[in-house]
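To keep things clear, I will list the structure first and then write my remarks on it.
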Amino acid sequence: MSGERGEGGGKEFERVLEALREQLADGTYGLHASLPAQRELATEFGVSRDTVQRVLHELKSEGWVESRQGSGTRVIKLPLQAATRPRTEPVPVRAALGPFIARAFGQSDVRLDVFTLTSESLDAHIRLQAERIRMGEIAPAGIEIRMLLPSEESELPYPRPGGRDTARRDAKGDPVGAQLQERLRGITRRHTTSLRTAVRDLRTEGLVPSVSVQVRHVPLVPAFKLYLRPEAEALFGPYEVVERTILLDDGTEVEALDVLGLGSTLTRHVNDEGDPSSAGSVFVQSMQGWFDSCWGLLADPG
């Protein structure tokens, strides 16, 4: 299929990868469960088998599945928020990003403050809400998103080569670590642009009167991800550091130390306006104060 292949894998690759990640997180496929055959997945998502193969390769490199010839692909690890409970069992503390974003877009005025390594997950969920607006399910009057990302000038501790590839260099003699860092920056740029476009298109189409997407960069290494609905609630979770194989755009495979947002255990904290001293209220207020200080004092407008 044309257009599937591109920087970082292409739009169809990313769409299928994100969908399967979500299905692992929400319990659609439990531990030791077998995924559908490649042909079935290709039909389900309307993509080529080549795209499905590359998606499964990525999931395998992230440590979620394993593939054996003649036995298909099965789940060998789950995100913590899925692995610790049956699918139907509610958990009041652990939370997923999808419902959080849906609650934000259920308000007349959508307000989100985000600190993250990339905008990959946020982009997918914002686009889902944009489609809900087009279908008439929700009709916010305004959308305001503020996002803090690590400075592009900062050298992050991940992803970086690990194991036998620690000192590896490419064909030009450059450290492969530089390629890994640029790959991460490329993913961030692409999804940030995609998110901006998705929101601005809603105003252009006359569906949302007022929209604002602001992105600023901070000289900080994101050890955690933070999503805030100002004065309402927060999602917070540390990144999980893993060893995995990363496939570069030139087809080179690199053993690397990386972080996975999917493996994060996100916890929800709610601001109780009736009890400002409650643990949830204190957490939301303190993290909002931290975000605002970074936004105003450390960040470079971008």
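The values are calculated or read from the model by the stated rules, or taken from the named source; none is laboratory data. Keep in mind it's a predicted model, so treat the numbers as computed, not measured. Cβ coordinates were reconstructed from backbone atoms using ideal geometry, including for glycine residues, and neighbour counts include every protein chain displayed. Only protein heavy atoms, including side chains, enter the accessible area calculation; ligands, DNA and RNA are left aside. Shrake-Rupley method; radii C 1.70, N 1.55, O 1.52, S 1.80 Å.
Worth a mention:
- The chain: antiparallel DSSP beta bridges as a percent of all, rounded to 5: 65 percent
- Cβ-Cβ distance of D292 and A223, R₀ of 22 Å, FRET efficiency by 1/(1 + (r/R0)^6): the value works out to about 0.70.
- Angle in degrees between helix 120-134 and the longest Cα principal axis of the chain, rounded to the nearest 10: 60 degrees
- Å² per residue, accessible surface of the chain at 1.4 Å: 49 Å²
- The chain - percent of accessible surface contributed by carbon and sulfur, probe 1.4 Å: 51 percent
- Mean-position separation - Cα centroids, the stretch 229-251 and the stretch 94-167, in angstrom: 11 Å
- Accessible surface ranking that places the most exposed of H217, H32, H191 first, with a 1.4 angstrom probe: H32, H217, H191
- The chain: angle of helix 176-204 to the longest principal axis, Cα-based, in degrees nearest 10: 50 degrees
- The stretch 148-302 - Kirkwood radius from inverse mean 1/r over Cα pairs (Å): 18.1 Å
- Solvent accessible area, Å² - Y239, 1.4 Å probe, full protein context: 30 Å²
- Magnitude of the charge dipole, the chain, Cβ model with Lys/Arg +1 and Asp/Glu -1, debye to 20: 460 debye
- Within the chain, helix-based [θ] at 222 nm, where runs of 4 or more DSSP H residues each add -39,500 (n - 2.57), nearest 500: -11500 deg cm²/dmol
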